[in-house]
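Beneath this line is the structure, given in structure tokens, with notes to follow.
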Amino acid sequence: MSERLGVGIVGSGFIAEFHTRSFRGVRDADVVAVSGRNAETVRGVCDLARKIQVGDPTGYSDVRDMVRDPAVDAVWLTTPNHVRLETVRAIVEEVGSGRASLRGIAIEKPLGRTVAEAAEVLALVESVGLSHGYLENQVFAPGVTRAHELVWARGASAAGAPYLARCAEEHSGPHSAWFWQGDKQGGGVLNDMMCHSVEAGRFLLTPPGVRKSEWLTPVSVDATIACLKWARPAYSEQLRERFGPEVDYQRAPSEDYARSTVVYRNGDGDEVVSEGTTSWSYVGAGLRLTFELLGPEYAMAVNSLDTEAKVFLSREISGKPGEDLVEKQNAEGGLMPILSDEAGAYGYTEENRHMVTSFLQGTPPAEDLHDGLLVTKVLMASYLSAQEGRRIDLDSTDLTDFVPDVATGNWRSGR
Ligand SMILES: NC(=O)c1ccc[n+]([C@@H]2O[C@H](COP(=O)([O-])OP(=O)(O)OC[C@H]3O[C@@H](n4cnc5c(N)ncnc54)[C@H](O)[C@@H]3O)[C@@H](O)[C@H]2O)c1
């Protein structure tokens, strides 16, 4: 019998549910505990785990109690961005005092709302010697990893390393109020989703099996942000109706569109570029992830909405709004793509399999909190670039204390 890892999930929202579903494809782990401040949603995630037979978790209201549970060997941290640091502090205090014994911690993106926060998360986790993983699912998405492997094996080995990655994540807007609030989330769509595109770009431009930080040296960042849709009066009113007065895009909008171009120097000494585009103003069938990697004689492309399966529903059928066909679904009629296994396709299953194996074997995950910190630096450089309308040199700019105007409520689109 192989050893098994007992996983405790902190947070019981959207992503906690995705992780729970993904554990169906992870052999050596059980979801043994879930903690969160909403007893009903904690119960919901526990029930889901039992129903799909990925564990028989105990529900907790306090993360400290959860990590003291001897069944919990590792933590998956999925609380919202504004409570990330306090949650990590609590866990680290329990481990440091010997009241809890853990093998590892895996933390959702983005690592922090600022470079200072992300650096503190990393320092805290390392201060108690915990193995750590950064939960960036897109670099584990099977379509992305297989295409990456093939273009490097067949294309780059013959014609030279790739020079341009293009990554995008777009949907029609997040599901909880705190995402829309600059102070709580740390920004708008740039912070929320460019973290994926930056890391996917780094992954694609790096040879398989090589640590990204060993192959790519970040050089500069140039970015643009705008609020294209949700600051329009009719749409900001929709947000207020849906989420309450604290989400007021007339008074304090966040960006719903971001573009960021990162220049790197690669291991061959060549200049290479990663372009990222993210938006909460995309209205298509649902969430769309796209990836491209271009080299001297080859290219790869992935589009999550080019699904193998589709359904067609005629105008005679008016279905209830749902998210059963694709994440962030925008329609229930016409020709619609369906993803039969979203947790697999978006990379959560392979991500969690990798984290579990790394924690059990005591080997450093390929995606760790150092990657999360670097991504946060690129995101903050992107905000600074967009605010000041200039290219940011990553080597000479200290971003430690930088807080984007979007996060302080002082940003207006187009100004
Ligand atoms: N990898 C991805 O693609 C992806 C997708 C969605 C979210 N995320 C990340 O996961 C994290 C959670 O996002 P979500 O979509 O699950 O959010 P959510 O709003 O759906 O759920 C958040 C959960 O945290 C709990 N919570 C709220 N405030 C809390 C507090 N003060 N203390 C303890 N628990 C609290 C809520 O009760 C809820 O259970 C965020 O950091 C987000 O960026 C990642």
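From the Cα gyration tensor of the chain, with a ≥ b ≥ c the square roots of its eigenvalues, which class applies: rounded if a/c is under 1.5, or else prolate if a/b is larger than b/c, or else oblate? In terms of gyration-tensor shape, rounded. FRET efficiency for the pair Val283 and Ala39, taken as 1/(1 + (r/R0)^6) with r the Cβ-Cβ distance and R0 = 41 Å, rounds to 0.70. Toward the positive end of the charge dipole of region 216-375, with +1 on the Cβ of Lys and Arg and -1 on the Cβ of Asp and Glu, the farthest Cα among Gly333, Asn266, Leu294 is that of Gly333.
Mind giving me the nanometre distance, one decimal, between the label points for Asn410 and Ser213, set 7 Å out from Cα along Cα→Cβ? Here the modelled spin labels are 3.2 nm apart.
The alpha-carbon atoms of region 5-109, seen along their principal axes, cover 35, 27, 23 angstrom, with the largest extent given first.
Site pair Asp47 and Arg315 shows an inter-label distance of 4.0 nm when each label is modelled 7 Å from Cα along Cα→Cβ.
State to the nearest 20 debye the size of the charge dipole of region 65-148 about its Cα centre, where the only charges are +1 on K and R beta carbons and -1 on D and E beta carbons.
Rounded to the nearest 20 debye, it is 220 debye.
Anisotropy class assigned to region 189-330 is oblate, per the alpha carbon gyration tensor with a/c at or over the 1.5 cut-off and a/b no larger than b/c. Judged by the mean number of other Cβ atoms found within 10 Å, the most tightly packed of the peptides 36-49, 255-268, 310-323, 229-242 leads the ranking 255-268, 36-49, 229-242, 310-323. Ordering of 16-24, 90-98 by packing is 16-24, 90-98, highest average first (other Cβ atoms within 10 Å, averaged per residue). Between the beta carbons of Ala153 and Asp28, assuming R0 = 35 Å, the FRET efficiency works out to 0.80 to the nearest 0.05. Each Lys and Arg contributes +1 and each Asp and Glu -1, all at the Cβ; summed about the Cα centre of the chain, the dipole is approximately 540 debye. Can you give me the span-like helices of the chain, meaning DSSP H runs with 24 Å or more of Cα extent along the axis and Kyte-Doolittle mean at or above 0.5? The answer, listed by residue number, is 369-388. Longer than 20 Å from Cα to Cα, which of Lys109/Lys229; Lys109/Lys320; Lys229/Lys310; Lys229/Lys328; Lys328/Lys377; Lys212/Lys377 are they? Say none if no pair is. Flagged as over cut-off: Lys109/Lys229; Lys109/Lys320; Lys229/Lys310; Lys328/Lys377.
Less than 5 angstrom separates the built amide H of Asp73 from those of Gly6, Val7, Gly8, all sequence-distant by 5 or more or on a different chain.
Computed from phi, the 3J(HN,Hα) profile of region 305-311 under the Karplus parametrisation 6.51, -1.76, 1.60 (θ = phi - 60°) reads 8, 7, 7, 6, 10, 9, 10 Hz, with x in place of Gly and Pro.
Highest average first, the peptides 61-72, 107-118 ordered by how many other beta carbon atoms sit within 10 Å of their residues are 107-118, 61-72. Selection among His148, Val83, Ala159 by position relative to the dipole of the chain gives Val83 as farthest towards the positive end (Cβ unit charges, Cα centre). Under 5 Å between amide hydrogens, built in the peptide plane, is the criterion, and for Leu135 it picks out Ile107, Glu108, Lys109 among residues at least 5 positions away or on other chains.
Rule-based calculations on the coordinates, nothing more; no lab input. Everything numeric in this text was worked out from a predicted model, so none of it was measured. Reconstructed Cβ throughout: ideal geometry from the backbone, glycine too, with neighbour counts over all protein chains shown.
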